[in-house]
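One structure is given below, encoded as structure tokens.
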Amino acid sequence: MFKETKKSIKIYFIFVGILGLLIGLSSIGNNNNYIFGFIALPSLFFIYFGFNFYYYLKKSPKILIKFVFISFTINIIISLIDQQYFGVIIFILLGWYLIHNIKRISLKSN
């Protein structure tokens, strides 16, 4: 079975952050400026945690786990409000997968 590595999760955090910023920037011209603020802040945090992933993994993996939990919980709530039940399932599985692998890698590296 495929196991995530430190590098692959770090790249995931940076990729999701950049993708979120691009989506937020694309919403500026659509009279949905509130969406930019709502998407941009978590995206900036994803980029920040991506670039500092090794530090947080070694010093305080609980911060990474809490961030993933909070950001995916917000996405689940938004998906439920929009009645996008497939998105809810994806966010639950992806959040669990990330949290599980962050815990596994942090235990392995200590």
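Derivation of every value follows stated rules applied to the coordinates shown; laboratory data play no part. The structure presented is a predicted model; accordingly, all values stated were derived computationally and were not measured. Note: ideal-geometry Cβ built from the backbone for every residue, glycine included; neighbour counts use all protein chains shown.
Data for the structure
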read-out: Total formal charge among the other residues, if their Cβ is under 13 angstrom from that of PHE69, Lys/Arg +1 and Asp/Glu -1; value: +3
read-out: Likely footprinting exposure, TYR56, TYR97, fewest C-beta neighbours within 10 Å first; value: TYR97, TYR56
read-out: Cβ-derived FRET efficiency at R0 25 Å, SER26 paired with PHE69, nearest 0.05; value: 0.40
read-out: For the chain: relative contact order, % (alpha-carbon pairs under 8 angstrom, 6 or more apart); value: 26
read-out: Length gained when the stretch LEU19-LYS58 is fully extended (0.36 nm per residue, less Cα-Cα span); value: 11.4 nm
